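Presented below is the structure to which this report refers.
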Amino acid sequence: MSNSNLAEKLKRREQENREILEAAGELVSSKISKSGNTAVVQCEMGTINSGAGIRGITSYIGTRTVRDLSNDALFKLGSEMSFMKNSIDAKGQVIVDHNNSEELAQRAPDWSRQISMTSYLLRNKYRKFGTILAVVSPKWVNDPKHENWDNETGRAKVTSIEFERLIPSIEDIGVIEVGNVDIFALDGQHRLIGMRGLKDVAAGRIFPKQKNSEPKKEPIEKEEFLSLNNCTPKELDNIFDEKITVEYVPAVIQGETMRAAKQRIRSVFVAINKNAKKPLAGETILLDEDDGFAIVARSIGKNHRLLKASGTESRVNWRNTSIPKRSHWIITLQHLRTMSQVYLENAEEDLVQFWENKKLGTQRPDDADLSAASTAMTLLFDHLSKLQTCQRIMAAHKGDDLDTIRIEESNILTRPIGYTIIAEAIGQLVRAGEGIDKVFQKLIKFDQEGGFQQASQKSIWWGVTLDSKGRMITANTSVAVELLKWKLFGQTHTDGPSLSDKCKVLRMTIDGDEYYSFDGNKKPYSGASQSIDLPETII
């Protein structure tokens, strides 16, 4: 055969293959586009005893548009499953008792989360929802007399999901029929209600809701809600066309009894919730890219010299909220985030006023605002690092060295609460018109006089942040803030009589007859006393 004839034959075969592929593509497309069908990949994990032997548990993964998932006629909440209906009280909460404890497979969703989740979808351009795990349940599943149930054994004759291969030679790619069945979100209820919120917004308004879905406030109109989330009507429309993965689980598998099927579904739900490890407090803040206060806190924690220990060690506990003995930590990331918030909300109110919205949750600030906030916090920490105590902390390269300051002196600047109190007090003073340089001039003098040491009964902290047994108290931070403001500026920014009354109660002796004055001596306590007893103000 000549080269020209061979080339011509190959060309004809290529054309025939293309025509075959196009024809096959049309057949596949017609199956996928058939009403009620959705394309999926078949998976298998786990087994059941079908009565006739061990059978694999199949599920099917496909994609659905946000428009489909927001449609409550197509996708229902898991708490709407038939055997759940009698387990929901008037407030929309799941009732768990001896009658239903073995059947419950779903918790009632918390509708108060809808606003924040809908806002996330609108404002976050990098939005991503994980796979929705959905149970497919045709009408016959809940009818024990249906022909699909074996009258003698009580076992299902068929599986509740009908899978059809698209290409005979490929086992795991096909379509399932989901048009005339009930689909319940076993995992992903809150994602569904977030997407339903988009539909409400598109229709004109969305209601902030209570946990049981009852409206608790006036509605937020579409224009306002979109504006609050920096989203245009066109962008909202486009979100409905985005796709999310869905894994379809059969409500009943061939060979299962109804009871066994319910137990399987319940087991899957419990496993998902039990084995999904909840992030530690610090880990959540560490990963949050929307919370401006968290972003600023991470920046300060990583970069400021006050929070650097020897080598690569940090003064910040990045994972949880504990400060154990012999550690080189003085603050946790969670407290550092709180510190950033209480300072910036006071000292830089205009800059951060929209960073945390009670209606919508957190929204990532723009880079310019984050930079300005980081600069403000850096200035605060620059001033803190000039304090005598903080200089001693920076010089303590080992945890044992730091314990001298932390334990023997009970110095509050070795504890997270100390930094949040100072940050809030300074922020309030700056907001009231005091210059930060002037504030720290007084704080430096306060520190030189041992002002941050808690153990003495002359200390402003005794009885307020430290009890008589040397244990830290975290419930009185607002009093501690006012006390520090009083110590620095007296009655200029503090209500003396009110503060005095609160301090007398906190510094009271066990029998309640006396309290410790700030000179260290006991004085008779009387709730009716009109005298003001507060520490001397720094001149």
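Using only alpha-carbon positions in segment 343-440, the gyration tensor eigenvalues give semi-axes of 30, 16, 13 Å once each is multiplied by 5 and square-rooted (largest first). Of the solvent-accessible surface of the chain, computed with a 1.4 Å probe and all protein chains present, 49% belongs to carbon and sulfur. Residue by residue, segment 533-539 carries 3J(HN,Hα) couplings of 10, 9, x, 5, 7, 5, 8 Hz when phi is fed to the Karplus relation 6.51 cos²θ - 1.76 cosθ + 1.60 (θ = phi - 60°); x denotes Gly or Pro.
Over the chain, the pair-distance histogram of Cα-Cα distances with 10 Å bins from zero comes to 3, 14, 18, 17, 16, 14, 9, 6, 2, 1, 0, 0 percent, rounded to whole numbers. When peptides 514-526, 416-428 are sorted by average Cβ neighbour count within 10 Å, with the highest value leading, the order is 416-428, 514-526.
For the chain, the solvent-accessible area of protein heavy atoms averages 52 Å² per residue (probe radius 1.4 Å; ligands and nucleic acids excluded). Residues whose amide H falls under 5 Å from that of SER59, counting only those 5 or more places apart or on a different chain, are CYS43, GLU44, MET45, with hydrogens built in the peptide plane. For segment 319-396, the orientation-averaged shadow of the C-alpha convex hull comes to 6.6 nm² (one quarter of the hull surface). In order along segment 220-226, phi translates into HN-Hα couplings of 9, 5, 3, 4, 5, 5, 5 Hz, rounded to whole numbers, per the Karplus curve 6.51 cos²θ - 1.76 cosθ + 1.60 with θ = phi - 60° and x for Gly and Pro. Ordered from highest to lowest accessible area with the whole protein assembly present and a 1.4 Å probe, ARG123, ARG12, ARG266, ARG406 read as ARG12, ARG266, ARG123, ARG406.
Send over the semi-axes of segment 206-258's equivalent ellipsoid, whole angstrom and largest first, taken as the square roots of 5 times the C-alpha gyration tensor eigenvalues. Intermediate values should be presented prior to the final figure.
Numbers: eigenvalues 266, 85, 7 Å².
Three semi-axes, in Å: 37, 21, 6.
Panel values: segment 35-81, Kirkwood radius from alpha carbon pairs, Stokes-Einstein at 10 °C and 1.306 mPa s, translational diffusion coefficient 119 µm²/s. Partners of LYS209 within straight-line reach, counting aspartates and glutamates whose Cα lies under 16 Å from its Cα and excluding those fewer than 8 residues away in the same chain: ASP110, ASP200, GLU218, GLU221. Here the mean projected area of the convex hull built on the C-alpha positions of segment 143-266 is 11.6 nm².
Could you order the peptides 226-237, 57-68, 367-378 from most to least packed, using the average number of other C-beta atoms within 10 Å per residue?
Numbers: 226-237: 14.5, 57-68: 18.2, 367-378: 16.6.
For the peptides 226-237, 57-68, 367-378, the packing ranking is 57-68, 367-378, 226-237.
Under the rule a/c < 1.5 gives rounded, and otherwise a/b versus b/c splits prolate from oblate, where does segment 126-182 land using the Cα gyration tensor? Here segment 126-182 falls in the oblate category. Segment 354-405 and segment 191-206 have Cα centres spaced 38 Å apart.
Among 47-53, 35-41, the peptide with the highest mean count of other Cβ atoms within 10 Å heads the list, and the full ranking is 35-41, 47-53. Taking amide hydrogens as placed 1.01 Å from N in the peptide plane, the amide H of LEU186 sits under 5 Å from those of LEU133, ALA134, VAL135, each at least 5 positions away in sequence or on another chain.
The values are calculated or read from the model by the stated rules, or taken from the named source; none is laboratory data. Please read these numbers as outputs of a predicted model, since none were measured by experiment. Neighbour counts run over all protein chains shown; Cβ positions are idealised from the backbone, glycine included. Protein only, heavy atoms only, side chains kept; ligands, DNA and RNA dropped before computing areas. Shrake-Rupley method; radii C 1.70, N 1.55, O 1.52, S 1.80 Å.
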